[in-house]
2 protein chains.
Amino acid sequence: MGISERKEREKLDKKQLIRSAAMKMFLEDGYAKTSIRKIADAIEYSPGTIYLYYKDKDELLYDVQHDAFNQLLEAFKTKAKHKDPVKRLMQIGQTYVSFGLQNPELYDLMFIIRAPTNVDEELHKDNGEPTFDYLVDCLKECIDKDLLRMNDVQLCALQTWSVAHGLVSLDLRCRLKVMSADIDKSKVLNSAIESYVKLLIK
Amino acid sequence: MGISERKEREKLDKKQLIRSAAMKMFLEDGYAKTSIRKIADAIEYSPGTIYLYYKDKDELLYDVQHDAFNQLLEAFKTKAKHKDPVKRLMQIGQTYVSFGLQNPELYDLMFIIRAPTNVDEELHKDNGEPTFDYLVDCLKECIDKDLLRMNDVQLCALQTWSVAHGLVSLDLRCRLKVMSADIDKSKVLNSAIESYVKLLIK
DNA sequence: TTATTTTCTGAACACCATTCAGTATGTTTG
DNA sequence: CAAACATACTGAATGGTGTTCAGAAAATAA
């Protein structure tokens, strides 16, 4: 019978309704300031209903993160598709930094926020894995073609990701104030990631 | 008269009493889980009293951050004092990463946590400046002696700091799960920072 | 139509940061 | 010494938070 299938669909729809309302409010006001009550208000349900679809606020965050990682992956796919793997690597770096600067709240959700109940190890580790692999694949090609001054893919990926993430997250937490002021942030961050890639290539 | 001076002293003492109790609890339970009530309980005062010394919870955080930055600076001074600036740079990187891994909650306080009311631009920007300068000075010496493959001190400092911060903060947020498992974290992070410094030098 | 299952509600619970009228303590003045 | 004043402190109250759960409502099955 099709009823249970429709119900299944409706359940997913409602879950998405909650998720997209949550995402919107997370981006507008931040995760901390977005309460379950406010989300419930926005979608015109009672607070309790949200707990029928999500175990707790963290669980909701994880799902929103998943969407966010897909957004970043899409950005890579459209903006970092140069044939030359080294140039593609450069594009990946620039895309990453731009993404972070243009979507600060989203970036926060993905990488910086600590969900209160964050000790569960096994779950959610797949969040962001395909996105990370986009970088790994690119580096693998670079290294295979002997274009880099490093030869350990995993190590190189970690290092590259760290530069990019470091730049974005330091900026997002206003930790770049220690640097000389009156400079265009996005220019500096782009210079930094560019010169890093240049260090990396032979 | 010495009375007002004693009072001044007592005021500072109490402020430090609050601050050190707060720091201890922040490190044990994290910033979010440490409530003003609990701090007040620990020092056997009422919650209201804390607001006589600190405008709000953020203000307390900033003061604790200040102490924390001094701790990192001390670590630099004792563990990164090689005469050769390049070797010192390596020591700085390693010290930074070790510091982050060994004091995760402290690191969180310093760099990752977003204080709820965090829009005030001007204040607190001096927090951490001397510590950053320790890196800048080292890089300046490296560049003066023409030992690096970069020549913009500010840019280079930003990049180096980003690598180190990126490594630590990604690890602290369990974002390294996307990498192949069963590896010694601190080894990998140290390899990453070491190979970065090697990229940097001529 | 009635019984059963599913979905939803909203009050209640135990917390939180913060405020402020009132109390207690210490200091200065008459 | 006592009264006046200034300072330090209290703790209940305000308005928020995430989460739970008995009971109401709606949808489905019999």
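The values are calculated or read from the model by the stated rules, or taken from the named source; none is laboratory data. Given the structure is predicted, the values throughout are model-derived calculations rather than measurements. Here the Cβ positions follow ideal geometry from the backbone for every residue, glycine too, while neighbour counts run over all protein chains shown. Accessible surface areas use protein heavy atoms only, side chains included; no ligands, DNA or RNA. Shrake-Rupley method; radii C 1.70, N 1.55, O 1.52, S 1.80 Å.
Residues A:Leu189, B:Leu172, sorted by accessible area with the largest first, give B:Leu172, A:Leu189 [1.4 Å probe; ligands and nucleic acids excluded]. Only Cα pairs under 8 Å and 6+ residues apart enter the sum, and on that basis the relative contact order of chain B stands at 21 percent.
Picking from A:Gly48, A:Gly30, A:Gly93, which is most flexible by a Gaussian network model of chain A using Cα springs under 10 Å? Most flexible of the set in this elastic network: A:Gly48. Taking a ≥ b ≥ c as the square roots of the Cα gyration tensor eigenvalues, with a/c under 1.5 meaning rounded and otherwise prolate when a/b beats b/c, else oblate, which class fits the protein assembly as shown? Taking the square roots of the gyration eigenvalues as a ≥ b ≥ c, the protein assembly as shown is oblate.
Suppose only helical runs count, i.e. DSSP H with n ≥ 4. What mean residue ellipticity at 222 nm does that imply for the protein assembly as shown under -39500 (n - 2.57) per run, divided by all residues and rounded to the nearest 500 deg cm²/dmol?
So the helix-based figure for the protein assembly as shown works out to -22500 deg cm²/dmol.
Give me a single rounded figure for B:150-161: the average over its residues of other chain Cβ atoms within 10 Å of their Cβ.
On the way: counts 4, 0, 4, 1, 6, 7, 3, 3, 13, 10, 4, 9.
Partner-chain Cβ atoms within 10 Å, mean over residues of B:150-161: 5.
For chain A, the membrane-span-like helix rule (DSSP H, alpha carbon extent of at least 20 Å along the helix axis, mean Kyte-Doolittle at least -0.5) picks out A:85-102, A:129-144, A:153-172, A:185-200; this says nothing about an actual membrane. The length gained by stretching the chain between A:Thr49 and A:Lys15 to full extension, at 0.36 nm per residue less their Cα-Cα distance, is 11.2 nm. Shown for chain A: the carbon plus sulfur share of the solvent-accessible area, taken with all protein chains present and a 1.4 angstrom probe, equals 52%. Where chain A is rotated onto chain B, the residue of A whose Cβ comes nearest the axis, and that gap in whole Å, is A:Gly166, 2. Taken residue by residue and averaged, Cβ atoms of other chains lying within 10 Å of the Cβ of B:190-202 number 4. Summed over both chains, the area buried between A and B is near 4200 Å², taken from the accessible surface of protein heavy atoms with a 1.4 Å probe. Step through the table entries A:Lys14/A:Lys55; B:Lys77/B:Lys185; A:Lys198/B:Lys87; B:Lys87/B:Lys198; B:Lys24/B:Lys57; A:Lys77/A:Lys187, compare each Cα-Cα distance with 20 Å, and write down the pairs that go over it. Distance filter (> 20 Å) returns B:Lys77/B:Lys185; A:Lys198/B:Lys87; A:Lys77/A:Lys187. The GNM of chain A, with springs linking C-alpha atoms under 10 angstrom apart, assigns the highest mean-square fluctuation among A:Asp41, A:Asp133, A:Asp184 to A:Asp184.
Solvent-accessible surface (1.4 Å probe) assigned to A:Arg9 amounts to roughly 140 Å². For a test of the definition: using alpha carbon positions, the gyration tensor, and the 1.5 limit on a/c, classify segment A:65-200 as rounded, prolate or oblate. Note, shape of segment A:65-200 comes out oblate.
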